[in-house]
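For reference, the structure is listed below as structure tokens.
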Amino acid sequence: LAGKPLIVHTIEQALRSSRVTSTVVTTDDERIAATSRDAGAAVIVRPAVISGDTATSESALIHAVEIMQTQNGSLPDLLVFLQCTSPLRHPDDIDRAIETLLSSGADSLLSVSPSHRFLWTETEGEARSINYDFHHRPRRQDMQPQYAENGSIYVFRPQALLATSNRLSGKIALYKMDEDAAVDIDTPLDLKLAEILLQERHKEAQR
């Protein structure tokens, strides 16, 4: 992506953060591990049993926390979970997300992007509106603000992760990001879109 391995964008963002003191990649892939080390991250080798398409992020997070606790003799104060498939972060987003959690007294935080979509579901062949009453369609600007989880930044306390097996628990805070932060790279189209947006950001930074 934009001339770098996808994961390197997130590693560099973590390394530039003034609040993140240790940047760690958990993976079972030797090429990803080598690329991550070259970019400046430490690597935790993930066992096969918690790797693959069906493995949960929580299982990898718990394994990483347990390894860090063994290596360091204590748990980290906070965990900042950055998914490399959501690389469209501004330089200060990570620090501001941590500050948001601390200033709000929250136990966990997720990053979100504004959503203005009218959502529907279908049950047994019958369609039903979810977040609005289609009998009285509101103007978008009059709707209660809604946000979509964008997968970019999660901040939480390791003790809570170990106790609940969930990255989110207790009092949950939102860190609000731009709409383009919602680009989650799962398809070739997502990759092209992220490339365009990164190029635009670079142009704006040069002005």
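Read the figures in this text as sums done on the coordinates, not as results from a lab. Just so it is clear, the structure is predicted and the values come from calculations on it, not from any experiment. Virtual Cβ from ideal backbone geometry, glycine too; neighbours counted across all protein chains shown.
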**Asked** Which residues, counting only those in region 164-207, are part of a loop (DSSP other than H, G, I, E, B) and exposed (fewer than 12 other Cβ atoms within 10 Å of the Cβ)?
**Response** Lys171, Asp186, Thr187, Arg207
**Message:** Return the residues of region 76-111 that are in contact with a helix residue (DSSP H, G or I) (Cβ under 8 Å, 6 or more places away or on another chain) and β-branched (Val, Ile, Thr); say none if nothing qualifies.
**Reply:** Val80, Thr85, Ile94
